[in-house]
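Below: the structure, in structure tokens.
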Amino acid sequence: MPDTSVDHRAAPLPPGTEAPDFRLPSTPDQTLSLMEFRGQPVILVFYPEDWSPVCSDQLALYQELLPEFQKFNAELLGISVDGIWSHLAFAKDRNLEFPLLADFEPKGEVARTYQVYRAADGTSERALYVIDADGIVRWSYVSPVGINPGADGILRALESLEDGA
Amino acid sequence: MSTTQWESVLAVPVDEARDHIQGPPDAPVTLVEYGDYQCPYCGAAYPIVKEVQARLADGLRFVFRNFPITTAHPRAEQAAEAAEAAAAQGRFWEMHDLLYENQKRLRDEDLHGYAEQLGLDVERFDHDLAEHAHAPRVREDFMSGVRSGVNGTPTFYINGARHDDSYDFETLLAALQRAAAA
């Protein structure tokens, strides 16, 4: 494991914050907005870059867990600063079936809004958000960039939404 | 900083009746591996685990649980089910070893061949695979891993705590020895 004692991870938007709306390309001719998913939980996965080893493992794990997320009626959205054609090739190569949104122009704008942009690298943090059906952030987490955060935190957050409902 | 922190610990304790286990129940150290038969890193870890088992002998209990990431490894699920089908005939570890020693040969006909090689009831084995009789068990392992913070394979737990360090022989052995002495 990389040394995590010296890291300068961003502080994500805290629970209770209204999740900022956004609209980003999900395919070359389609866009998705967060608002479209009002009424169901949304899992926002900010990841640094398509093709990097940790990102690939992390997203493969989430692909594997789509049926579990669906039990909560939750929608999973991946976001990185890569362009849409990179996303398409990456998703096809790695068999990913959930949307990958291109936070490409202006670069990293949504990541900035969610306080997870790494200006020095020009990419986002490896960050997770669980947003409830009313569009409120219920859980947020920034992982050290080199470490795959897994999925237990997401599942716990989704469960606590149900408990609170 | 994150807004939530927790330790990654084994969410489902080792169960002598359910788990696949090598080594005595009263061993001072238990090593649990979540592994994928098609994952090259697990393949690299396989001889290292054998080596620490040889070194620690009865001082170590080793447990293997399935964590197939089929999105990346399309044969991993069927291989995991093959190991479980062998387990149903009391031959889990032999199949586990064969799969790791033949990671690049995990087609259905390969799995069938390993069952023959082990002298299993091949008809029953083939039937189990075709019906996915052991898929629920594999998924149960997988989800117990997810809940334990498994984020890739292999992930190891030493006496229930996730081993976040390297799993080269020296590091793994030292971690096991530390746990034994604790």
Query raised in the report: Within the range B:23-48, restricting attention to residues that are without any contact (Cβ under 8 Å) to a residue 24 or more places away in the chain and under 15 Å from B:ASP97 (Cα atoms), which residue is surrounded by the most Cβ atoms within 10 Å (Cβ to Cβ)?
Result: B:ALA44
Query raised in the report: Would you say A:PRO106 is away from chain B (no Cβ under 14 Å) and either more than 24 Å from A:GLY39 (Cβ to Cβ) or of a type in the set (S, T, N, Q) (or both)?
Result: yes
Query raised in the report: Checking B:TYR157 against (1) more than 13 Å from chain A (Cβ to nearest Cβ); (2) over 22 Å from B:ILE48 (Cα atoms), which test does it fail?
Result: (2)
Query raised in the report: Looking only at the range A:38-57, which residues are part of a helix (DSSP H, G or I) and either of a type in the set (Lys, Arg) or buried (at least 18 other Cβ atoms within 10 Å of the Cβ) (or both)?
Result: A:VAL54, A:CYS55, A:SER56, A:ASP57
Query raised in the report: Which of the residues spanning the range B:106-117 are crowded, with 16+ Cβ neighbours inside 10 Å and either within 13 Å of chain A (Cβ to nearest Cβ) or not charged (D, E, K, R) (or both)?
Result: B:LEU106, B:LEU111, B:HIS112, B:TYR114, B:ALA115
Query raised in the report: Among the residues of the range B:145-182, which ones are closer than 17 Å to A:GLN58 by Cα and among the hydroxyl-bearing types (Ser, Thr, Tyr)?
Result: B:SER148, B:THR153, B:THR155
**Report entry** Residue among B:PRO47, B:PRO13, B:PRO24 that alone is over 30 Å from B:GLU123 (Cβ atoms), assigned to a helix (DSSP H, G or I) and not hydrophobic (A, V, I, L, M, F, W, C)
**Finding:** B:PRO47
Requested in this report: Pull up the range A:55-93, narrow it to residues that are charged (D, E, K, R) and more than 9 Å from chain B (Cβ to nearest Cβ), then point me to the one that is farthest from B:ALA72 (Cα to Cα).
Outcome: A:LYS71
Report summary line: Out of (1) surrounded by 22 or more Cβ atoms within 10 Å (Cβ to Cβ); (2) free of Cβ contacts under 8 Å to residues at least 40 places away in the same chain; (3) more than 9 Å from chain B (Cβ to nearest Cβ), the one A:GLY164 does not meet is (1)
Query raised in the report: On the given criteria, is B:PHE67 within 14 Å of another protein chain (Cβ to nearest Cβ) and modelled with pLDDT of 95 or more?
Result: yes
**Report entry** Search result, residues across the range A:136-154 that are in contact (Cβ under 8 Å) with a residue 12 or more places away in the chain and either within 7 Å of chain B (Cβ to nearest Cβ) or on the phi > 0 side of the Ramachandran plot (or both)
**Finding:** A:TRP139, A:SER140, A:TYR141, A:VAL142, A:ASN148, A:PRO149, A:GLY150, A:ALA151, A:GLY153
Query raised in the report: What single numbered condition from (1) surrounded by fewer than 16 Cβ atoms within 10 Å (Cβ to Cβ); (2) modelled with pLDDT of 95 or more; (3) more than 16 Å from B:TYR100 (Cα to Cα) fails to hold for B:TRP6?
Result: (2)
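The values are calculated or read from the model by the stated rules, or taken from the named source; none is laboratory data. Fair warning: this is a prediction, and the values are worked out from it, not measured in the lab. Glycine gets a Cβ as well: all are built from the backbone with ideal geometry, and neighbour counts include every protein chain shown.
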